[in-house]
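Input: a single structure, listed below in structure tokens.
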Amino acid sequence: MKKTLGAAVAIGALLLALTGCAQEAGGGSEGPTAPEDIVVGFAQVGAESGWRTANTADIQSAFKDAGIELKFSDAQQKQENQIKAIRSYIQQDVDVIAFSPVIESGWDAVLNEAKDAGIPVVLTDRAVDSTDDSLYVSFLGSDFIEEGKKAGDWLVEEFADSSDPVKIIQLEGTTGAAPALDRAEGFAEVIKADEKFEVVASQTGDFTRAGGKQVTEALLKSNPDVDVIYAHNDDMGLGAIEAIEAAGMTPGEDITIITVDAVKDGMQALADGKINFIVECSPLLGKQLVDIVTKVVAGEEVEKRIITEETTFTQEQAVEALPDRQY
Ligand code: AHR
């Protein structure tokens, strides 16, 4: 009898250990396997741009199609709101938390809380600057440094035949956000090779159309002879176009405009000759995020870094691409 009991206890312990292993691989959740049993909490940046609107719509529809419950919150571009949303997802014991960090720094405390609760975190779109990469299971999104380099490469090529100084205004994204830091870094790295390129002013327009317009209005007054505007997204570039036209100049001719994103409004302005070049940044991350979440809850391996495939557009290419543009 004692022997039977001992064997039962040993088998029980083994089963418990095995379950524990499976939970750890799956991120510590109960490990639901059916899509309808999975709950994901998504903390979005806000609705600051056409890109963000398209990103939200794509993520929501991908989870709906997959039959996975998605709890969604909009942080209105404030880090404290995003932290609150993540804490609430931890309290609700969701299976996976995904979020696009408003800014790069200041996430370690809340990410440690998620880790302690055994809830895996997926970064989408933007990175955190944490040195502990065990705080998230995967980071899905663009290579923003590469995007900045592509913008710089086009500019260098475009002005290759001129030795005159090229004065540039840079419209930065949200201060401290990964795409703002990295797009500035990649661009600067390329243009520094030729001293004729000079960034005469660089200010944040917070990734919004209104911000781009307001900053451009002010900067045109102090830099009326500017040659180029490099905007970290289409929306700020579209705001700059309004400011340039209001100042009696022709965007795309008097001032060369380079932007990032390639959303429909940006592509239309490019096709109309008001923007000169766009570096694509794809907001269509929904299906890949569903795939990562499904693998994580099933305890499967996921890649730590998944880089989105992207291209660039000239004015001629925009005319061709516009009819099929999804967002
Ligand atoms: O993080 C991606 C950036 O955020 C997009 O380029 C911009 O439009 C958005 O607001």
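The values are calculated or read from the model by the stated rules, or taken from the named source; none is laboratory data. Computed from a predicted structure; not experimentally measured. Because the Cβ atoms are built from the backbone with ideal geometry, glycine has one as well, and the counts that use them run over all protein chains shown. Note: areas computed on protein heavy atoms with side chains; ligands, DNA, RNA excluded. Shrake-Rupley method; radii C 1.70, N 1.55, O 1.52, S 1.80 Å.
Can you pull out every residue in segment 151-167 that is open to solvent by 50 Å² or more (accessible area, probe 1.4 Å), of a type outside the set (Asp, Glu) and not in a loop (DSSP other than H, G, I, E, B)? Talk me through it step by step, then tell me what you get.
In the first step, residues of segment 151-167 are kept if they are open to solvent by 50 Å² or more (accessible area, probe 1.4 Å); the result is 153, 156-158, 160-161, 163-165, 167.
Next cut, of a type outside the set (Asp, Glu) only: 156, 160, 163, 165, 167.
Once the filter is applied, which keeps residues that are open to solvent by 50 Å² or more (accessible area, probe 1.4 Å), of a type outside the set (Asp, Glu) and not in a loop (DSSP other than H, G, I, E, B), segment 151-167 yields VAL156, LYS167.
So, in segment 95-118, how many residues would count as being touching a strand residue (DSSP E or B) at 6+ places or on another chain (Cβ under 7 Å), open to solvent by less than 10 Å² (accessible area, probe 1.4 Å) and away from the ligand (no atom under 16 Å from the Cβ)?
4
Kindly check whether there is at least one residue in segment 288-302 that is within 16 Å of the ligand (Cβ to nearest atom) and within 22 Å of the chain's Cα centre (by Cα).
yes
Under 18 Å from THR314 (Cα atoms), crowded, with 16+ Cβ neighbours inside 10 Å and more than 16 Å from the ligand (Cβ to nearest atom), is that true of ILE191? Lay out the reasoning, then the answer.
Working: under 18 Å from THR314 (Cα atoms): no; crowded, with 16+ Cβ neighbours inside 10 Å: yes; more than 16 Å from the ligand (Cβ to nearest atom): yes.
Judged against the criteria, ILE191 is not a match.
Tell me, which residue of segment 46-91 that is closer than 20 Å to ALA114 by Cα and acidic (Asp, Glu) is most open to solvent (accessible area, probe 1.4 Å)?
Filtering segment 46-91 for residues that are closer than 20 Å to ALA114 by Cα and acidic (Asp, Glu), the one most open to solvent (accessible area, probe 1.4 Å) comes out as GLU80.
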